[in-house]
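What follows is a short report on a single structure.
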Amino acid sequence: MDLPNFDAMSQDELRTFWGKWHITTKKRASAFTGDRKDARQIMEKLACYAINKSCAISLRLEGKIEQALTYEQACELQYEQLPEDVQWRE
């Protein structure tokens, strides 16, 4: 699995990832995560992380820090729900 570092991605990259993965099949998700029972759910969580991170970046650029923090908190919750081998932070 070639997992990107979502925290280092641009808004466009994050939105592209979301667009590709927010609706997927188990077969397609397994091609990314490997053959695992929860492949589809993992990809959906990663897609949610990506779109929330993109929104947070946009809000910070607009100076709407409190709203950005809400999206960043959602990212943290999604990240914590990922299996350890799918997390990109050390």
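None of the figures in this text is laboratory data; all of them are computed from the coordinates on show. Remember, predicted model here, so these are calculated numbers, not experimental data. Because the Cβ atoms are built from the backbone with ideal geometry, glycine has one as well, and the counts that use them run over all protein chains shown.
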- Rounded to one decimal in nm, the spacing of the 7 Å Cα→Cβ label points at residue 22 and residue 64 is 1.6 nm
- Run the numbers on segment 6-84 and let me know its relative contact order in percent, using alpha-carbon pairs under 8 Å that are six or more apart. 31 percent
- Note on the structure: Highest GNM mean-square fluctuation among 46, 59, 14, for the chain with Cα springs under 10 Å, belongs to 59
- Item | Magnitude of the charge dipole, the chain, Cβ model with Lys/Arg +1 and Asp/Glu -1, debye to 20 | 500 debye
- Note on the structure: Going from the fewest other Cβ atoms within 10 Å to the most, one would list 57, 23 as 23, 57
- Message: Using DSSP to call loops (not H, G, I, E or B), can you name the trypsin sites (Lys or Arg not before Pro) in the chain whose Cβ has at most 14 other Cβ atoms within 10 angstrom?
- Response: 37, 64, 89
